[in-house]
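J.: Sharing a structure here in structure tokens format.
The values are calculated or read from the model by the stated rules, or taken from the named source; none is laboratory data. Just so we're clear, the structure is a prediction, and the values are computed from it rather than from any experiment. No Cβ is skipped: glycine too gets one built from the backbone with ideal geometry, and neighbour counts run over all protein chains shown. Quick note on the areas: whole protein, heavy atoms, side chains included, nothing else; ligands and nucleic acids left out. Shrake-Rupley method; radii C 1.70, N 1.55, O 1.52, S 1.80 Å.
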Amino acid sequence: MTIDVAAIRNDFPILHREVNGKPLVYFDNAATSQTPKAVIDALVDYYSNTNANIHRGVHALSQEATDAFEQARQKIQKHFNAAKPHEIILTSGTTHSINIVASGYGALLSPGDELLVSAMEHHSNIVPWQMMAEKTGAKLQVIPMLPSGVLDMEAYQELLSANTRLVFVNHVSNALGTVNPIADIIDLAHAQGAHVLIDGAQAAPHIVADVQALDIDYYVTSAHKLCGPTGIGMLYGKEALLNQLPPYQGGGEMIAEVTFEKTTYADLPHKFEAGTPNIAGGIAFGAALDYMNSIGFEAIAAYEHELLSYATTALKKIPNLKIYGEAPEKTAVISFNVGDIHPYDLGSILDKLGIAVRTGHHCAQPIMDYYQIPGTVRASFSFYNTTAEIDAMVAALERAIQMLT
Ligand code: PLP
């Protein structure tokens, strides 16, 4: 289970550029991963040879484009082991996917219903539900976390009740890297008759979630986190559950029949795919999964784990550096601060030295409130990063600390 990092790096044109006169060290993978040539080629090839609107044309280009888009859906279905291709809805990304489900529950919830959200969610898995809770009178409750950055599973069990309708939790926390025990979370929720939405935006680049084996009700992710383009992602939902949800947007593609008196809706997946989708993006999403599967997710996870251990050991040698999130099971994400230096100041100096890290609250303000900090510096690694790049980050960080203290 080893990977040839030097060969892999040659697949990514951007990794050969410089930033501020220094070789780029890209450690902002949790925000957006880089794009291999195979995916760029899929986009260029689509616009060079196939570009046409899908599902409604009899001409050759439209049929080829439709076939390519539907083949991509099947690749995604196979990757996540969904039972049926129409259980995969192609969306603009995780945020769009969550909004489809949350707004759908707006029609199903009533006062007295309870929603459970974890304390370590991205804003996109909080705000749509808050909006629905406000609209329906359902009660939003929070599964607390513990200082090490894991969920308090005892508190979760106490919060679950026969009134719980839906639980929404990320598979992996973007700010902490924690891998949440989704199998247990789902089993416990199902025992109370509640459904579960898993936000897989941070997990999908590292772990393959088998939606049937885990009995997941809804799983969402974005292609740009796993070597695909921006503006495309997916919502997996069990067929029976998706059928219960009303459409999110009205428009072309999502109808069966329209009259001014009444409109009937198309079957899945089209009911949730109003308008012209990101066709090239969908096809390139499929190409990204092909690319990552050609390397192998087990090999990717094993190598990234080596990077995580190496970086954790190196960073812990820096005086006054504090890591937030030390769950026993983590993806390759390290959030940290150094003394009382503002994370923005550290991030800006690192950028001058060619190192791209993220600073701020990472769209997870409740986590920052929990630790009573304004934000962190977050370094997130991917399978195309190297230990030499980590050495470069540590050296740059030492220089930055010297300048700032
Ligand atoms: N959920 C998690 C855990 C994330 O990390 C992100 C993006 O960082 C999102 C949701 C939102 O993803 P997108 O902006 O692609 O919709």
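J.: Among HIS59, LEU346, THR32, whose Cα projects farthest towards the positive end of the dipole of the chain, with charges put on the beta-carbon of Lys, Arg (+1) and Asp, Glu (-1)?
T.: Comparing the listed Cα positions along the dipole, LEU346 ranks first.
J.: Once neighbouring chains are kept in place and the probe is 1.4 Å, which whole percent of the accessible area of the chain is contributed by carbon and sulfur?
T.: Solvent-exposed carbon and sulfur of the chain make up 52 percent of the total.
J.: For the chain, the longest stretch holding no trypsin sites (Lys or Arg not before Pro) located in a DSSP loop with at most 13 other Cβ atoms within 10 Å is which?
T.: Details: sites that count: ARG17, ARG56, LYS262, LYS317.
Counting at most 13 other Cβ atoms within 10 Å as exposed, the longest clean stretch of the chain is 57-261.
J.: Using +1 at the C-beta of Lys and Arg and -1 at the C-beta of Asp and Glu, which of PRO128, ALA213, ALA175 has the Cα lying farthest in the positive direction of the dipole of the stretch 40-293?
T.: Result: PRO128.
J.: So, one more: Give a residue-ordered list of calculated ³J(HN,Hα) values for the stretch 262-279 (Karplus: 6.51 cos²θ - 1.76 cosθ + 1.60, θ = phi - 60°; whole Hz; x for Gly, Pro).
T.: Coupling constants for the stretch 262-279: 7, 10, 10, 9, 5, 6, 5, x, 5, 3, 9, 10, 5, x, 6, x, 7, 5 Hz.
J.: If you put +1 on each Lys and Arg Cβ and -1 on each Asp and Glu Cβ, how big is the dipole of the chain around its Cα centre, in Debye rounded to 20? Walk me through the numbers on the way to the answer.
T.: Details: 24 positive and 42 negative charges, 146 e Å.
Value, rounded to 20: 700 debye.
J.: Could you work out the longest stretch of the chain that avoids the GluC sites (Glu not before Pro) located in DSSP loops with at most 14 other Cβ atoms within 10 Å?
T.: 1-260
J.: Over all directions, how big on average is the projection of the convex hull of the alpha-carbon atoms in the stretch 185-309, in square nanometres? Could you put the intermediate results ahead of the total?
T.: Numbers: hull surface 39.3 nm².
The directionally averaged projection comes out at 9.8 nm².
J.: Top mean-square fluctuation among GLY57, GLY233, GLY286, Gaussian network model of the chain, C-alpha springs under 10 Å?
T.: Sorting by GNM fluctuation, first place goes to GLY57.
J.: Also, I was wondering about something else. Taking a probe of 1.4 Å, how large is the accessible area per residue of the stretch 40-293, in Å²?
T.: Per-residue accessible area for the stretch 40-293 comes out at 39 Å².
J.: Antiparallel versus total DSSP beta bridges in the chain: what percent is that, nearest 5?
T.: Just about 60 percent of them are antiparallel.
J.: I'd like to know how the chain sits against the 2.2 N^0.38 Å rule of thumb: what's its Cα Rg over that expected value?
T.: 1.01
J.: Could you work out [θ]222 nm for the chain from helices alone, using -39500 (n - 2.57) per DSSP H run of at least four and dividing by all its residues? Round to the nearest 500 deg cm²/dmol.
T.: Computed mean residue ellipticity for the chain: -11500 deg cm²/dmol.
J.: Would you tally the net charge around ALA191, using a Cβ to Cβ cut-off of less than 13 Å, leaving ALA191 out, and scoring K and R as +1, D and E as -1?
T.: That sum, taken over residues with Cβ under 13 Å, equals -3.
J.: Dividing the convex hull volume of the alpha carbon atoms of the stretch 211-254 by its residue count, what do you get in Å³ per residue? Before the final figure, lay out the partial values.
T.: Details: hull volume 4.4 nm³, N = 44.
That works out to 100 Å³ per residue.
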